[in-house]
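The values are calculated or read from the model by the stated rules, or taken from the named source; none is laboratory data. Given the structure is predicted, the values throughout are model-derived calculations rather than measurements. Cβ placement follows ideal geometry from the backbone for every residue including glycine, while neighbour counts extend to all protein chains displayed. Please note that ligands, DNA and RNA were not included when accessible areas were found on the heavy atoms of the full protein model with its side chains. Shrake-Rupley method; radii C 1.70, N 1.55, O 1.52, S 1.80 Å.
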Amino acid sequence: MNFNIRTLVLPLSLAAALAAAPTASAADYVQTGGALTFATAYQGETFAGSFPSFRTTMSFDPERPGEARLDVVIPLADVDTGLADRDDTLRGSAFFNVGRFAEARYTAEGFTHLGGDRYSTDGVLELRGVSKPVTLEFTLSSGSRPELAGKARVSRLAFDVGGGSWADLSIIPDEVAVSARVRFAPAD
């Protein structure tokens, strides 16, 4: 056998470089479908609505949930409650004020693993120029095409949504229930 120092050094340096390389990082995902809905009441009658054009991205490694990231962009003008007059009111200056604030955004860094497929994250919702913490509790399926299903409670008055004469809690409660179901695929 004929060895020279070059044939031995190259494999050793390659092995050292591979050993020093970082381990696999979080996978990046984009939304492929889902629903973002809310429920509240008006004069005691419950109603629900949705934001059909919301967009979500996620970075997640199940071995490092504390490093996860979630970003949800919500175009407010496409609010849909099934009643055109109510939708127009929600788009107006007393509620979402879409002429001034076209989008809401929810961002979160770090997931807390609650066991099994359950997680929570303390993110920040920016709505009408106000940023406040909002906790999202959710399940997240495993695999290359995970699905997130979660719920949060939002104080509308903390964001000045429905302020002024609409701030009367006997007409509209302060707390709004928000639900999300998001299907993901790997980002390109």
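Here are the numbers for the structure shown:
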read-out: log10 of Debye I(q)/I(0), alpha-carbon scatterers only, for segment 55-188 at 0.11, 0.12, 0.22 Å⁻¹; value: -0.45, -0.52, -1.34
read-out: 1.4 Å probe accessible area per residue over the chain, in Å²; value: 59
read-out: Cα Rg, Dmax, segment 43-84, angstrom units; value: 15.9, 47
read-out: Rounded percent of accessible protein surface that carbon and sulfur make up, segment 35-188, 1.4 Å probe; value: 49
read-out: Relative contact order %, segment 52-154, counting alpha carbon pairs below 8 Å whose residues are six or more apart; value: 19
read-out: Extension reserve of the Arg100-Ile171 stretch, reckoned as 0.36 nm per residue once the Cα distance is removed; value: 23.0 nm
read-out: ³J(HN,Hα), Karplus 6.51/-1.76/1.60, whole Hz, each residue of segment 115-129, x for Gly, Pro; value: x, x, 9, 9, 9, 9, 8, 9, x, 10, 9, 10, 8, 6, x
read-out: For segment 38-53, Karplus couplings with θ = phi - 60° (6.51, -1.76, 1.60), whole Hz, Gly/Pro x; value: 9, 9, 8, 9, 10, 6, x, 9, 6, 9, 10, x, 9, 10, x, 9
read-out: Neighbour net charge for Asp78 - beta-carbon separation under 12 angstrom, K R +1, D E -1; value: -1
read-out: Cα long-axis angle, helix 5-20 against the chain (0 to 90 degrees, to the nearest 10); value: 20
read-out: Amide H partners (placed H, <5 Å) of Thr32, local residues excluded; value: Arg183, Phe184, Ala185
read-out: Electrostatic dipole magnitude of the chain [Cβ: Lys, Arg +1; Asp, Glu -1; Cα centre; debye, to 20]; value: 460
read-out: Listed residue (Val182, His113, Val130) projecting farthest to the positive dipole end of the chain, Cβ model; value: His113
read-out: Full-extension gain in nm, Asp160 to Ala77, via 0.36 nm per residue minus C-alpha separation; value: 28.2 nm
read-out: Using θ = phi - 60° and Karplus 6.51 cos²θ - 1.76 cosθ + 1.60, couplings along segment 54-70 (whole Hz; Gly, Pro as x); value: 5, 10, 10, 10, 8, 10, 8, 10, x, 7, 9, x, x, 9, 5, 9, 9
read-out: Charged-residue dipole, Cβ positions (Lys, Arg, Asp, Glu), segment 55-110 about Cα centre, Debye nearest 20; value: 180
